[in-house]
Amino acid sequence: MKNRSLVSIDDFTKEEIINILDMAEGFEKQPVRKLLEGKVVATLFFEPSTRTRLSFESAINRLGGKIVGFSDASSSSVSKGETLHDTIKMVSSYSDLIVMRHPIEGSARYASEVASVPVINAGDGANQHPTQTMLDLYSIRKTQGTLDNLNIFMVGDLKYGRTVHSLMMAMSRWNATFNFISPEELRMPDEFKLYLENLGLKYYEHTDFTDIISKADIIYMTRVQKERFSDPIEYEKVRNVYVLRNSMLANTKHNMRILHPLPRVNEISTDVDANPKAYYFEQALNGVFTRQAILCTLLGIN
Amino acid sequence: MKKEPKQLSVSAIQNGTVIDHIPAKNLFKVIQILGLDTIDHLITFGTNLESKKLGKKAIIKIADKFFADDDINRIALVAPDAKLNIIRDYEVVEKKVVEVPDTIIGIAKCMNPKCITNFEPVKTRFRVVSKKNVALKCHYCEKITNQENLQII
């Protein structure tokens, strides 16, 4: 996998994903290893994303690598009108690997074709965010002991949420069963349901957030964003319906864990935080280990 | 009763290619895709001709020009029912139909306004996910452009 880019989780085979998860486990046991000594990693954040950037920079620092880059397009030559093509060409010659966040969809695939060094997509608009998916997979495997045959519940904005789409596509390789809970307006798009049907995988759709969660191995919560609704009254109706409260967890399975890509607003009530089934903060920490594993893999370091 | 002699709306060519059953509204797109506006071969065409199948059809006759299959398949997006007759010495020596290719490069526009191909001079590239009701998946933004939203660049 040396010198390859990571643009979409589909770029990696099942085996390659497992290798990265195994390697991430090693970094969890021993996070500080100078494997990137002498390497320069460019972190190009054309739109601010503090959480993702800090996670990457923490991963690079623990590996002993050096960072160049910017955290906001306004402080770069982009504000002078430079094309993405030219920025990537230039940065390729200054660095050994590029981590890029960009608001335009498809920009990461394009950058990977222009760059002479590997590119890691840290989010391209509403399209892909594969390192988030990788850390979700890591969190699921760590808490369930396996990725096979799990019952995954996805709750909230299933229409626009890129993290749920990528995770669904990835988990479909391990024979998962899916339950989608969302308001009518934010249902899982047909193209993804068709994808599951073609694979012969089971999925169920619900509009009520009820006791059915007692069957879940994983509950993946997402934010229902106000800007997704054309009618503000509809948003007000929906915003308090898809909220997970501690009282709802009484009948859930022992192994069940709650994941959330964060930041949350009100969709997980704070009384859930103390429940041992809440896993979203550990999930965020796992992002550093999986990103360490991804960085090393793409640079051909074992 | 005396029958009217069959008249050709577009006069015959001695050698070359006839492209028939083009939807009339897409005639100029076919011309553009095949680059017929920039070659110096003798070309005649007729449009808004009666067609039982298409309603109004167009036909193009290009003298002394023969296309490779890969080139001609590029028009499948706008003229899926097009039929080709290869003419030698006024006779049809071969008939061909067009086939939607598996990948489309540089012909269609991605319908996603937030796609990189609509911001920078990137050549568009699609994987054809459905050939019947044409659906194209963008190589870059991964969004689907379907028949109703298809725009030829």
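Assorted remarks:
- If you go through the stretch A:13-55 and keep only what is in a helix (DSSP H, G or I), in contact with a Leu (Cβ under 8 Å, 6 or more places away or on another chain) and either closer than 30 Å to A:M90 by Cβ or assigned by TED's automatic domain parsing to the domain that holds A:V78 (or both), you end up with just A:R51.
- Residues in the stretch B:97-140 that are part of a loop (DSSP other than H, G, I, E, B) and polar (S, T, N, Q) were compared, and the one that is farthest from the other protein chains (Cβ to nearest Cβ) is B:N133.
- Residue in the stretch A:91-100 that is free of Cβ contacts under 8 Å to residues at least 60 places away in the same chain, among the aromatic types (F, W, Y) and not in a strand (DSSP E or B) present: yes
- With respect to the conditions (1) within 14 Å of chain B (Cβ to nearest Cβ); (2) among the aliphatic types (A, V, I, L, M); (3) in a helix (DSSP H, G or I), A:A59 lacks only one, and its number is (1).
- Any hit, the stretch A:217-226, residues being in a helix (DSSP H, G or I), out of contact with any helix residue (DSSP H, G or I) (no Cβ under 6 Å at 6 or more places or on another chain) and not acidic (D, E): no
- Test: residue in the stretch B:48-60 that is under 18 Å from the mean Cα position of the chain (by Cα), modelled with pLDDT under 95 and not in a strand (DSSP E or B): yes
- Residue in the stretch B:81-94 that is farther than 26 Å from A:N198 by Cα, within 14 Å of another protein chain (Cβ to nearest Cβ) and of a type in the set (A, V, I, L, M, F, W, C) present: no
- Residue check for B:D70: within 16 Å of B:V97 (Cα to Cα), surrounded by 15 or more Cβ atoms within 10 Å (Cβ to Cβ), touching a residue at least 12 places away in the same chain (Cβ under 8 Å) and among the acidic types (D, E): no
- Scanning the stretch B:126-141 for residues that are surrounded by fewer than 21 Cβ atoms within 10 Å (Cβ to Cβ) and closer than 13 Å to B:N112 by Cα returns a single hit, B:K137.
The values are calculated or read from the model by the stated rules, or taken from the named source; none is laboratory data. No experiment lies behind these values; they were computed from the predicted model shown. Here the Cβ is made from the backbone with ideal geometry for all residues, glycine too, and neighbour counts use every protein chain on show.
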